[in-house]
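Asks: Dumping the structure here so I can ask a few things about it.
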Amino acid sequence: MRNATAIYLKESHYDLVSLWRTPGFFLPAILFPVVFYIFFGIVFNFSAAQGEYMLVSYACFGMMGPAFFNYATAVASDRAHGWLTLKRVSPMPLGAYVASKFYSSQVFALCIALLLFVTGALFADVEMHLWQWGTLSVILLLGTLPFALIGLLMGLCLSDKAAPAMVNLIYLPMAFLSGLWVPIQFLPDTVRYIAFALPSYHYSQLAHAVIGTSQGQSLWLHIAYLVLFCVAMFGVIYWRYQKLSR
Amino acid sequence: MKTKLIILAVITLIVATLLLLPTPQQPNASNDNSFVLGPVRIFDGERVIEANYIEINEGIIVALHSNKPDLSLRWVDGANQWVIPGLIDSHVHAWGDALEQSVERGVTTVIDMFGDPNFLAQSQAQRATTEFTTAADMYGAGLLMTAPDGHGTQYGIDVSTLDSPEQAAQLVQQRIDAGSDFIKIVYTAEGAGYQHAPSISKAGLEAAIAAAHQQKRLAVVHIADYNSAVDAVAAGADGLVHSFFNQPITDELLTMMQANDVFVIPTTVVYEGMLRGEINDEVLFNESQLDISRAAQSTLNQSFPDTNRFPEHYYENLMETTQRMHDAGVRVLAGSDAPNPNTAHGWSLVVEMLLLQQAGMSAEAVLTAATAGPADAFKLTDRGRIQVGNKADLLVLTESPLDSLESLLTPAMIWKNGYRIR
């Protein structure tokens with residue numbers, strides 16, 4: 001038992017170290033949402049009077065990114081280079097591999113969240129109660145799980161060349177359609193119906209509920225959706241993985 | 001060991017960052033809402049009064065004294081500065097942190113002329129209390145009354161519309177059920193001479209005003225041209241929420257407004273953005289000591305599309321109309337229409353007041369237009385005046401606002417519900 005924990009910790013540690021040694025990947029990944037937030041959430045914010053609102057929206061947007069990318073691109077390239085095969089024949093449980101990736105994407109996401117918070121506080125006069133800052137951080141972090149799972153599935157399905165492009169093709173429209181760039185109430189009705197089917201919408205609604213700017217639907221509805229979505233994703237991933245093993 | 005230290009350091013850094021993030025102000029012992037403020041010079045909303053000390057108990061003004069009262073209450077030194085009632089902006093569209101932005105500039109009450117009824121409902125419970133808040137109180141029209149595809153339907157809020165006059169009573173009832181404090185109607189007369197969104201008919205306007213009055217609610221009308229103003233006043237509107245500039249006001253309309261005691265909120269500042277576009281530079285941006293937030297700057301710097309489509313004399317028409325209405329005794333109220341282009345919450349009410357002064361109103365009349373005037377017009381009995389029984393929403397100014405309205409741009413202290421928030 002002690003051994004198993006040690007393996008998980010070691011694998012997580014080394015996954016983070018390997019990321020740390022590729023600043024060409026992690027620096028842009030961290031700075032992208034911050035730059036995006038400064039541009040469209042602060043400087044060219046045409047929706048006025050919504051410092052907190054824009055911060056929460058762009059934080060959701062920024063946190064989804066590393067979950068998607070860290071899984072999709074890393075898993076796809078590990079598959080392409082035979083790393084995944086090596087890991088699977090090693091005695092390490094596969095769970096450690098998956099968990100370590102989630103861990104490193106959480107570290108990423110936390111860095112992004114803190115950077116965004118500080119940026120918002122400094123340049124957009126955002127003020128929140130301490131419990132709001134805290135709850136928001138927790139919701140933002142835990143809520144990245146569905147996106148990590150989407151990323152994992154994509155990593156298991158796509159080639160290492162296709163993965164980054166495909167991630168953008170899903171990530172960016174999903175963010176827009178969920179009202180993370182332009183507030184949802186300014187989008188046409190059709191978009192609002194689409195948004196309802198997207199995990200990113202329910203994720204952002206939970207985050208917005210912290211500052212009282214959600215659309216007013218039940219929190220349990222959002223939580224139930226996200227949990228069911230994760231369960232379904234686990235199912236599909238399991239199926240895909242079994243197929244790969246054969 | 002080294003790893004553990006690094007992890008510890010990282011965790012400390014994260015926690016420290018979270019703890020250092022800015023939080024809203026909280027009430028505390030040295031900032032409760034019972035105290036005596038003085039010595040101060042007091043403009044009560046209409047005139048300068050004799051008293052020099054204001055006694056406040058739990059956010060309510062309980063007494064005015066000429067000399068310092070012998071009480072155990074906390075004393076706040078007024079240093080012979082000026083005190084006026086918290087300002088009331090009679091025309092805003094509030095969402096997000098509009099109410100916080102307003103109060104930071106001394107606007108302690110806003111009147112929303114169309115917005116999400118849920119946002120209004122959130123504010124309605126708060127405004128009757130004197131609990132600690134860093135947000136302005138809000139009264140509002142909720143959803144407006146307009147034609148299918150008319151003005152007001154383009155902002156992404158679902159608005160049920162008025163197809164025919166017969167629906168007016170039902171629609172007004174719907175608005176009141178959703179929490180509307182008064183009824184706002186959008187109207188453009190046929191042949192208004194400019195391109196505009198579809199409008200309800202004249203009969204629809206009359207029916208809507210009658211339905212509002214039936215329910216004992218004010219009916220205020222959005223107009224933007226002379227002919228529409230005439231129709232609105234003739235139909236019995238209580239107030240016009242914009243002025244007009246396509247021609248100066250006529251004696252005929254002036255007489256009718258006097259007879260019906262109709263008030264007007266010219267929203268000069270938003271029109272100035274369409275017709276001239278210089279006032280923000282003059283009053284705000286050229287004053288380097290003003291700390292204008294980025295959010296405010298962004299809307300102040302926006303402009304309407306095709307700003308140059310109007311002839312130059314339209315701005316003079318607008319100012320002349322305001323002056324003539326005021327001279328004739330028509331109640332002119334200060335409203336900014338923030339956050340439309342050329343405006344920002346809080347800031348633009350002061351700009352509007354300066355514009356009203358430029359139009360020929362006295363400083364005293366301008367101050368009333370943003371305090372006691374709107375309180376009377378919208379029947380807000382607990383605010384707008386420094387008098388016993390009213391909320392302690394107060395502004396302290398270093399200079400006399402009667403000599404210099406610009407002093408409103410840099411209030412020395414702001415109290416909301418008797419709590420000092422600035």
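Asks: Could you size up the charge dipole of the stretch A:2-245 around its Cα centre, putting +1 on the beta carbon of Lys and Arg and -1 on that of Asp and Glu, and report it in debye to the nearest 20?
Replies: In total the dipole reaches around 900 debye.
Asks: For the pair B:Q154 and A:F44, what calculated FRET efficiency results from E = 1/(1 + (r/R0)^6), where r is the Cβ-Cβ distance and R0 = 25 Å, to the nearest 0.05?
Replies: Efficiency, rounded to the nearest 0.05: 0.75.
Asks: So if the hydrodynamic radius of chain A is defined as the Kirkwood radius over C-alpha pairs, what does Stokes-Einstein give as its diffusion coefficient at 20 °C and 1.002 mPa s, in µm² per second?
Replies: Reported coefficient: 115 µm²/s.
Asks: Let me ask something additional. Could you work out the local net charge near B:V92, counting Lys and Arg as +1, Asp and Glu as -1, over the other residues with Cβ closer than 9 Å to its Cβ?
Replies: Once positives and negatives cancel, what remains is -3.
Asks: Grab the eigenvalues of the alpha-carbon gyration tensor for the stretch B:41-161, scale each by 5, take roots, and send me the semi-axes largest first in whole angstrom.
Replies: After scaling each eigenvalue by five and taking roots: 38, 15, 11 Å.
Asks: Relative to the longest principal Cα axis of chain B, at what angle does helix B:313-327 sit, 0 to 90 degrees, rounded to 10?
Replies: Its long axis makes an angle of about 80 degrees.
Asks: With the crude spin-label approximation of a point 7 Å out along Cα→Cβ, what separation in nm comes out for B:K4 versus B:S404?
Replies: Those two pseudo-labels are separated by 6.4 nm.
Asks: Then there's this: Net charge around B:N33, counting only other residues with Cβ within less than 14 Å of its Cβ (Lys, Arg = +1; Asp, Glu = -1)?
Replies: Local net charge: -1.
Asks: As a check on your grasp of the helix formula, calculate [θ] at 222 nm for the protein assembly as shown: sum -39500 (n - 2.57) over DSSP H runs of n ≥ 4, divide by the residue count, round to the nearest 500.
Replies: Computed ellipticity for the protein assembly as shown at 222 nm equals -15500 deg cm²/dmol.
Asks: Round to a whole angstrom and tell me the spacing of the C-alpha centers of the stretch B:164-228 and the stretch B:42-66.
Replies: Distance between centres, Cα-based: 39 Å.
Asks: B:A234 versus B:I49, label points 7 Å from Cα toward the beta carbon: distance in nm?
Replies: Using points 7 Å along Cα→Cβ, the separation is 4.3 nm.
Asks: Rounded, prolate or oblate for the stretch B:86-383? Axes are the square roots of the Cα gyration tensor eigenvalues, ordered a ≥ b ≥ c, and the cut-off for rounded is a/c under 1.5.
Replies: Rounded.
Asks: Provide the FRET efficiency to the nearest 0.05 for the A:S90-A:S159 pair, computing r from the beta carbons and using R0 = 30 Å.
Replies: The pair A:S90/A:S159 has a calculated efficiency of 0.80.
Asks: Moving on to the next point. Under a Cβ-only charge scheme (Lys and Arg +1, Asp and Glu -1), can you give me the dipole magnitude of chain B about the Cα centre, in debye to the nearest 20?
Replies: Here the size comes out at about 1360 debye.
Asks: Compute the relative contact order of chain A as a whole-number percentage, counting only Cα pairs closer than 8 Å that sit 6 or more residues apart in sequence.
Replies: 26 percent.
Asks: Rounded to the nearest 0.05, what FRET efficiency do B:L18 and B:Q173 have when you use their Cβ-Cβ distance and R0 = 56 Å?
Replies: Computed FRET efficiency for B:L18 and B:Q173 comes out at 0.70.
Asks: Please compute the average number of Cβ atoms from other chains found within 10 Å of each residue's Cβ in peptide B:92-101.
Replies: 5
Asks: Could you tell me which of B:A229, B:A210, B:L240 has its Cα farthest along the dipole of the stretch B:169-255 towards the positive end, charges placed at Cβ (Lys, Arg +1; Asp, Glu -1), taken about the Cα centre?
Replies: Towards the positive end, the residue furthest out is B:A210.
Asks: Next question. Simple spin-label model, 7 Å along Cα-to-Cβ: B:A365 to A:I223 in nm?
Replies: The modelled label-to-label distance comes out at 6.0 nm.
Asks: Pairs of lysine in chain B with Cα under 29 Å and at least 8 positions apart or on different chains: total?
Replies: Eligible lysine pairs with Cα atoms under 29 Å apart amount to 14.
Asks: Let me check I have the definition right: for the stretch A:105-226, take the eigenvalues of the Cα gyration tensor, multiply each by 5, take square roots. What are those semi-axes in whole Å, largest first?
Replies: Its equivalent ellipsoid spans semi-axes of 24, 19, 14 Å.
Asks: Still on this structure: Mind checking which of B:L20, A:G134, A:S100 is farthest towards the positive end of the protein assembly as shown's charge dipole, using Cβ charges of +1 (Lys, Arg) and -1 (Asp, Glu) about the Cα centre?
Replies: A:S100
Asks: Comparing B:A375, B:A208, B:A328, which has the greatest mean-square fluctuation in the GNM of chain B with Cα pairs linked when under 10 Å apart?
Replies: Highest fluctuation of the listed residues: B:A328.
Asks: Ok, one more. Taking the Cα atoms only, what angle lies between the long axis of helix A:162-177 and the longest principal axis of chain A, rounded to 10 degrees?
Replies: 30
Asks: Still on this structure: Can you tell which of B:G78, B:G191, B:G140 shows the greatest fluctuation in a Gaussian network model of chain B with Cα springs below 10 Å?
Replies: The residue with the greatest mean-square fluctuation here is B:G191.
Asks: How big is the charge dipole of the protein assembly as shown about its Cα centre, in debye rounded to the nearest 20, if each Lys and Arg gets +1 on its Cβ and each Asp and Glu gets -1 on its Cβ?
Replies: 4340
Asks: Also: Pairs of alpha-carbon atoms within less than 8 angstrom and 6+ residues apart define the contacts here; what relative contact order does the stretch B:203-312 have, in percent?
Replies: 20
Asks: Please tell me the relative contact order of the stretch B:86-383 in percent, rounded to the nearest whole number, where contacts are Cα pairs under 8 Å and at least six residues apart.
Replies: 18
Asks: Let me ask you something else. Does the protein assembly as shown come out rounded, prolate or oblate by the C-alpha gyration tensor, with a ≥ b ≥ c the root eigenvalues, rounded set by a/c under 1.5 and, if not, prolate when a/b is larger than b/c and oblate if not?
Replies: Taking the square roots of the gyration eigenvalues as a ≥ b ≥ c, the protein assembly as shown is prolate.
Asks: For B:R74, what charge total do you get from the other residues with a beta carbon under 15 Å from its beta carbon, if Lys and Arg give +1 and Asp and Glu give -1?
Replies: -3
Bear in mind these aren't lab numbers, they're just calculated from the coordinates by the rules spelled out. Only a predicted model underlies this, so the values are computations on that prediction, with no experimental measurement involved. Here Cβ is always computed from backbone atoms with ideal geometry, including for glycine, and neighbour counts include all displayed protein chains.
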